[in-house]
1. In nm², what is the average projected area of the convex hull enclosing the Cα atoms of the chain?
2. So what are the radius of gyration and Dmax for the Cα set of the range 66-151, in Å?
3. Any chance you could count the Lys pairs in the chain whose alpha carbons are under 22 Å apart, treating pairs 8 or more apart or on different chains as valid?
4. Calculate the spin-label point distance for Leu9 paired with Lys34, positioning each point 7 Å from the Cα along the beta-carbon direction, and give it in nanometres.
5. Which residues' amide hydrogens lie under 5 Å from the amide hydrogen of Glu158, considering only partners 5 or more residues apart or on another chain, with H built in the peptide plane?
6. Please order Lys5, Lys42, Lys140 by the number of other Cβ within 10 Å, starting at the fewest.
7. Once you list every other residue whose beta carbon is under 12 Å from the beta carbon of Val148, what net charge do they have if Lys and Arg are +1 and Asp and Glu are -1?
8. Counting only other residues whose beta carbon sits under 12 Å from that of Ala179, what net charge do I get with K and R as +1, D and E as -1?
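Taken together, the values in this text are just the output of simple stated rules run on the coordinates, not laboratory data. Computed from a predicted model, the values in this text were never measured in an experiment. Every residue, glycine among them, receives a Cβ derived from its backbone with ideal geometry; neighbour counts consider all protein chains shown.
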Amino acid sequence: MMNNKLFKLTAFLLLVSGVSAFMIAYVNEITIDKIQAQNAQKLQEGYTEVYPEATDYVDETYAGEDTTITAVVSAQKNGEELGVIYTVAPGGYGGTVKTLVGFDIETQKVTGIKILSQAETPGLGGNCTQPWFAARFAGKSGAQPLQVVKTETSSDSEVQAITAATITSTAVVTGVNAAQADFIANYANR
């Protein structure tokens, strides 16, 4: 008697699990194109935000030494290369902090950063997506690595950390520094 109830319960749970898995797969299949289109639009908007002077963004991703760098894009206008935009993915407190970092070839300065995705603590590290944090990077020299400081900055190579979120701030700076090293090695002398 007990085995019969156990069998019926197991069969019912397997049936519900199978139907649920099928439904999730079906919904995923019909929405995947829309999700990919939204992600592509978000990336394009990020490029425009990080390097607004450019009109074209050409993928130049290559296999480099630093695995923090996941993509490299040439920012161009009328066929002329103006700058470079890197997609970097350093590890933060809550996971990867996927960031766009732009550099101007002529001035060799950071044009801007944009956090694409993150899983940092809301209200603390999650503040890395705020415009005031991104503004701390704009105009920084691409010739030297940046460092995180907890107080007001005293040099061009310093970035003030988000209060109570030094790990997140350090992760973003690590990504910018990885992009900066590649920029110096491959684009600064063009």
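1. Spelled out: convex hull of the Cα atoms, projected over all directions, averaged, 15.3 nm².
2. Rg then Dmax for the range 66-151, in Å: 13.7, 42.
3. Within the chain, the lysine pair count is 14.
4. Distance between label points: 3.9 nm.
5. The answer is Gln147.
6. Starting with the residue having the fewest Cβ neighbours, the order is Lys5, Lys42, Lys140.
7. Counting the neighbours of Val148, the net charge comes to +1.
8. Result for the local shell: -1.
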